[in-house]
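For reference, the structure is listed below as structure tokens.
The values are calculated or read from the model by the stated rules, or taken from the named source; none is laboratory data. This structure is a prediction, so every number in the text was calculated from the model and none was measured. Ideal geometry is used to build each Cβ from the backbone, glycine not excepted, and the neighbour counts take in all protein chains shown.
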RNA sequence: GCGCGCGUAGCUCAGCGGUAGAGCACUACCUUGACAUGGUAGGGGUCACAGGUUCGAUCCCUGUCGCGCGCACCA
């Protein structure tokens, strides 16, 4: 092994070996375990959120694979209808053409080309992240098989009356020219105005003042509404208004939808362009006037002067004209939620069109029940509330999109406008024949389906459904879905509904909801904010200039460029160093707390990169001392107290890590793994082993015991860590495993460590106490007196405990060596000692002759005073607690006893410290 | 308005009804034969605030303040 840990030289090589060997595929044996990847956009790239979730999925996958389960992590991508179409359209625009000019067929050809060209970005990234997905099963939502599933589901739902076509108001994107579902609408408050217009009564007897945020829609007004019990207006109900700028008369109606407190209490009703007004219109049988075309330009339904104006121009014109007529009462500033498309950012219009809908209530009911009765469990559990809240108020789902890229709606129309929903054109034709009694020409619906419609089928469509494949039988229902809370509605809920509907089974038993990765300021990472980090740039590192270029290229809003560049230069003046995949993965695991926001901290990555290096070097130490030597096969093996202790600690860690994985606490699993390796194995065990390796005073059996423990603990630990850090563990394992008596081509397929392999050892765990104390004591004294740790000093340990004495006697040489102590002497009385420095560790008192340390006696007095103050403070707290009569009366006996014990300890400590201070003072002079 | 989350060391975050923790940052000492991407010893916190329950609250309950998110919204 090289002296320094160099991830770049091991990671890609190992991944290629794993993949080539076919080790990612299910073994075909054992309990099935399956995770479906949330399919990323095929033409996109993985962002930090993906890398995060993939790390957790891979950890689970690798863990279960090592457990011997028949493990499948199913990969794939989705076609991301709108997003992908937009990208290709932009390419066309740049080339001076557009999709209408080249036509649907040619356009689709271009999209597929783009998919082929960019589609391997994601798989390349996943390979670099070490994701052990079964690549042979890679799926794409537009694949033939998955498309067949989409058609089957659509037709089947239609046949059951759960899909219908209807003319209704939808959220219309006038830029992209497509309908959107409710979920794709983002309504942020924006500053606007509330215009008050005077609408004259038809009989000339007066006027009503209506308040509106959208003056331009007045041409679609078909009523003015007031509250039926509003004293001011109710006598006017039934009368007519002469709608200004038009020659139309519209009625005054009463409807308790009207809020008397808001505005003037009079509302203009525009059923064709407002969802609430649409409902009112239905209640009052009002006509519905559509005044906009698909681009939100005023159409021929408005007076000639306004035709052809877009929304914005029309608004200005209406206000001017009403002002000229003296009909503008006032204009108040007003903040209102403005609905925008989540992709285009365009202000959406409620617009009357024919669309396909899923009747959702019958699908939602069983899906709610599945979570209620525990067949599906959310982790953390409180996300189920979010789920319920949405599911209980769910609206029919508009699934048609006026796009070209996607699954085309399997419906055909004859010339009379009759629709035939069918699995194939031939089916549709035969239906049409049945209806019309003759052969008729059919044309397929132009629209495609919402991408989420196909995503909703992902857990079973990827396994071959509607065929009853062996894979489907084996892996469905899947075990866990790992995803972010931002797509609970878009995706998770819809998978549950579709899964239950078409397989009578839940699609997954658990849903582990992760937090969202944010930048160091807590902001969401996005291209427009310029704060994205490509996970690969953390792995490979990136120069500052390249990073700036990456963040500022291809921007939708070029004016942000300067600010992004400045912020980037400030935050990463040196660019980003290469950390390697393992460090990045370990960081993600360590950050996977149960909260909802995760601030990504580069400092953590650096810390865990150092951890990789630490592990690497520990392994080098182990190899250096074991390779080519007898690790326990050549004769009797004697295990020392440290050997037994570290084995027991490893066992406890195994148990801890297994438990943490089982409850999806990757952060705590990472913490346990980190702490064991660094604070126990490296800090203590390796140090305690060095003398055994180096000195001749240990027997062959003792040396065998130490070597065997070194390699066995390391080998086991590597397996324990492997799911989180696949590469460095594999690389080290290859070298270490044979020494530990393990063989196999890869760590990936080795058994995950079991607690039973390293049982608890109470005796050893107790006996390590005095050894550690004897090592810590001189360190403490030297450290606090600023004396180099390398200075050898004699050490006196005062103890009355026979057990302590036995342990220290038996390990005296070890302690001398590790603690850098010339001699350790056990005493029961310090009276005969020369002027010494004193310390108490875990209730054990130690002395080092002051003359061997320093000349300045005051330094020792200062140390003692400081320690005394702290002890006195603790003592006071305990005494106050015990002084409370209720405490002794009510607290559990063991707590009281513990408290009394502490007081005794503190008092004895304090007495010794005082004595020490007195002695030092008296001997000074 | 309804629902949810967060507030613990300078920063990023764990934790827990009974002695406040980690990483990073900071201070001092140390180039000791795995590792300076390191070692050792330290400094630093009225656990947002106020009540309540309890022998005991950072933890449980209620409220307040601050920050954030989701859903629904009055034209």
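The residue list A:490, A:485 contains one member that is at pLDDT below 95 and closer than 28 Å to residue A:404 by Cβ, which is A:490.
Considering A:619, A:590, A:583, A:578, the condition of being touching a helix residue (DSSP H, G or I) at 6+ places or on another chain (Cβ under 6 Å), within 11 Å of RNA strand B (Cβ to nearest atom), closer than 24 Å to residue A:687 by Cβ and at pLDDT 90 or above is satisfied by A:619 alone. The single residue among A:258, A:226 that is surrounded by 20 or more Cβ atoms within 10 Å (Cβ to Cβ), at pLDDT 90 or above and near RNA strand B (Cβ under 10 Å from one of its atoms) turns out to be A:226. When you look at residue A:161, is it part of a strand (DSSP E or B) and either buried (at least 21 other Cβ atoms within 10 Å of the Cβ) or away from RNA strand B (no atom under 14 Å from the Cβ) (or both), yes or no? In short, no.
Looking across region A:531-559 at every residue that is under 29 Å from residue A:344 (Cβ atoms) and exposed (fewer than 14 other Cβ atoms within 10 Å of the Cβ), the one that is modelled with the lowest pLDDT is identified as A:556.
Residue-level check: of (1) away from RNA strand B (no atom under 15 Å from the Cβ); (2) touching a residue at least 60 places away in the same chain (Cβ under 8 Å); (3) not in a helix (DSSP H, G or I), residue A:251 misses just (2). Taken over region A:595-614, the criterion of being more than 6 Å from RNA strand B (Cβ to nearest atom), surrounded by fewer than 15 Cβ atoms within 10 Å (Cβ to Cβ) and under 20 Å from residue A:661 (Cβ atoms) is satisfied by no residue. The residues listed here are A:644, A:658; of these, the one that is more than 8 Å from RNA strand B (Cβ to nearest atom), in a helix (DSSP H, G or I) and either under 30 Å from residue A:60 (Cα atoms) or under 24 Å from the mean Cα position of the chain (by Cα) (or both) is A:658. The C-beta contact set for region A:831-842 (first residue in a strand (DSSP E or B), second residue surrounded by fewer than 17 Cβ atoms within 10 Å (Cβ to Cβ) and modelled with pLDDT of 90 or more, distance under 8 angstrom, 6+ apart or interchain) comprises A:836/A:849; A:837/A:849.
May I ask you to list pairs of residues, at least six apart or on different chains, whose Cβ atoms are under 6 Å apart, with the first in region A:261-285 being under 12 Å from residue A:224 (Cβ atoms) and more than 9 Å from RNA strand B (Cβ to nearest atom) and the second being assigned to a strand (DSSP E or B) and modelled with pLDDT of 90 or more? What qualifies is A:280/A:269; A:284/A:253.
Looking across region A:800-825, just one residue is closer than 18 Å to residue A:782 by Cβ and assigned to a loop (DSSP other than H, G, I, E, B), and that is A:820. Residue A:198 falls short on exactly one of the conditions (1) touching a strand residue (DSSP E or B) at 6+ places or on another chain (Cβ under 8 Å); (2) within 18 Å of residue A:329 (Cβ to Cβ); (3) within 14 Å of RNA strand B (Cβ to nearest atom), and that condition is (3). Exactly one residue among A:893, A:876, A:806 is within 27 Å of residue A:772 (Cβ to Cβ) and either more than 50 Å from the chain's Cα centre (by Cα) or without any contact (Cβ under 8 Å) to a residue 24 or more places away in the chain (or both), and that residue is A:806. For region A:350-373, the tally of residues that are in a strand (DSSP E or B) and more than 13 Å from RNA strand B (Cβ to nearest atom) stands at 8. In region A:374-405, the qualifying residues are those that are assigned to a loop (DSSP other than H, G, I, E, B) and within 15 Å of RNA strand B (Cβ to nearest atom), and the one that is farthest from residue A:162 (Cα to Cα) is A:380. Kindly evaluate residue A:836 against the criterion of being on the phi < 0 side of the Ramachandran plot, touching a strand residue (DSSP E or B) at 6+ places or on another chain (Cβ under 6 Å) and within 14 Å of RNA strand B (Cβ to nearest atom). When the stated conditions are applied, residue A:836 does not pass them.
Among all positions in region A:691-700, there is no residue which is at pLDDT 95 or above, surrounded by fewer than 15 Cβ atoms within 10 Å (Cβ to Cβ) and on the phi < 0 side of the Ramachandran plot.
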